[in-house]
């Protein structure tokens, strides 16, 4: 029952705020951070590791049988594998190390569903929360996606892919086709925060190839705010949770992006027909 998650969500919010306080101490000295590189344009700092360690310690002490998957350390498979935490201790590390907004994302999965989540932007002190079936909220205020339907008023978020991503070929020509008729394209720099911006109407839509840990909370926020979520070809979570290719948007922007992205290559190398 959704009501059963109220106390759990309160724990998620509390530990997200604690991780926010910890990371802000590093953030204030971003010019002096020690940075490692995991892959192309994929950075990690001591703050990422400390944030995940803090969140893991608190959640596994509160819920010792549950499982845990984070960005920085190997997963923990508990006695209860049906409940699993998905944690991105700093989503938007490149933003973080350059003194820009980032988020802390904590999702609870039950089986193949995200049942509740907390997404915290420590710089803006914004806490987004959702329980499945109960709506999405920003600091306690209920959210709804934008009602804008005019193509010229659409504001779309995305990221710029590196060449190792399978959606890279042809990306810039697709982006040009998307950009010309609409109001704006914005790169927020955090998949989770981009989704949250769609949920609260700051963006009308968002598309990118990213990972489930990055946007599990964000997808729940958008769905609970009345938005649509599919992969780039209109398919559901059974596909986009594996490929990472998501569109989250209000209805009009979703239709617009589907039309513009339909010729992108699928992961199996074929095109949608």
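The values are calculated or read from the model by the stated rules, or taken from the named source; none is laboratory data. Remember, it's a predicted structure, so these values are computed and weren't measured experimentally. Positions of Cβ are backbone-derived with ideal geometry, glycine not excepted, and every protein chain shown enters the neighbour counts.
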Given the conditions (1) over 16 Å from residue 14 (Cβ atoms); (2) without any contact (Cβ under 8 Å) to a residue 12 or more places away in the chain, and given that residue 61 satisfies all but one, which numbered condition is not satisfied?
(1)
In contact (Cβ under 8 Å) with a residue 60 or more places away in the chain and either assigned by TED's automatic domain parsing to the domain that holds residue 11 or farther than 28 Å from residue 140 by Cβ (or both): which single residue out of 67, 105 fits that description?
105
Within the stretch 151-173, tally of residues that are touching a residue at least 24 places away in the same chain (Cβ under 8 Å) and surrounded by fewer than 11 Cβ atoms within 10 Å (Cβ to Cβ)
3
Residue 214 fails exactly one of the following numbered conditions: (1) assigned to a helix (DSSP H, G or I); (2) crowded, with 21+ Cβ neighbours inside 10 Å; (3) modelled with pLDDT of 95 or more. What is the number of that condition?
(3)
Using the structure shown, decide if residue 156 is touching a strand residue (DSSP E or B) at 6+ places or on another chain (Cβ under 7 Å) and over 19 Å from residue 88 (Cβ atoms).
yes
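Okay, residues lined up against (1) surrounded by 16 or more Cβ atoms within 10 Å (Cβ to Cβ); (2) in contact with a helix residue (DSSP H, G or I) (Cβ under 7 Å, 6 or more places away or on another chain); (3) modelled with pLDDT of 90 or more:
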position: 6; (1), (2), (3): no, no, yes
position: 14; (1), (2), (3): no, no, yes
position: 19; (1), (2), (3): yes, yes, yes
position: 49; (1), (2), (3): yes, no, yes
position: 54; (1), (2), (3): yes, yes, yes
position: 65; (1), (2), (3): no, no, yes
Scan of the stretch 256-273 for residues that are at pLDDT 95 or above, surrounded by 15 or more Cβ atoms within 10 Å (Cβ to Cβ) and out of contact with any strand residue (DSSP E or B) (no Cβ under 8 Å at 6 or more places or on another chain), ordered by number:
260
Out of 246, 229, sole residue that is out of contact with any strand residue (DSSP E or B) (no Cβ under 6 Å at 6 or more places or on another chain), closer than 25 Å to residue 153 by Cα and part of a strand (DSSP E or B):
246
On the basis of being surrounded by 14 or more Cβ atoms within 10 Å (Cβ to Cβ), under 15 Å from the mean Cα position of the chain (by Cα), in contact (Cβ under 8 Å) with a residue 40 or more places away in the chain and over 23 Å from residue 232 (Cβ atoms), does residue 128 make the cut?
yes
So for the stretch 195-209 (the condition being touching a helix residue (DSSP H, G or I) at 6+ places or on another chain (Cβ under 9 Å), modelled with pLDDT under 95, outside any strand (DSSP E or B) and not assigned by TED's automatic domain parsing to the domain that holds residue 128), does at least one residue qualify?
no
Can you name the residue in the stretch 113-124 that is within 20 Å of residue 48 (Cβ to Cβ) and in contact with a helix residue (DSSP H, G or I) (Cβ under 8 Å, 6 or more places away or on another chain) and is also surrounded by the fewest Cβ atoms within 10 Å (Cβ to Cβ) among such residues?
123
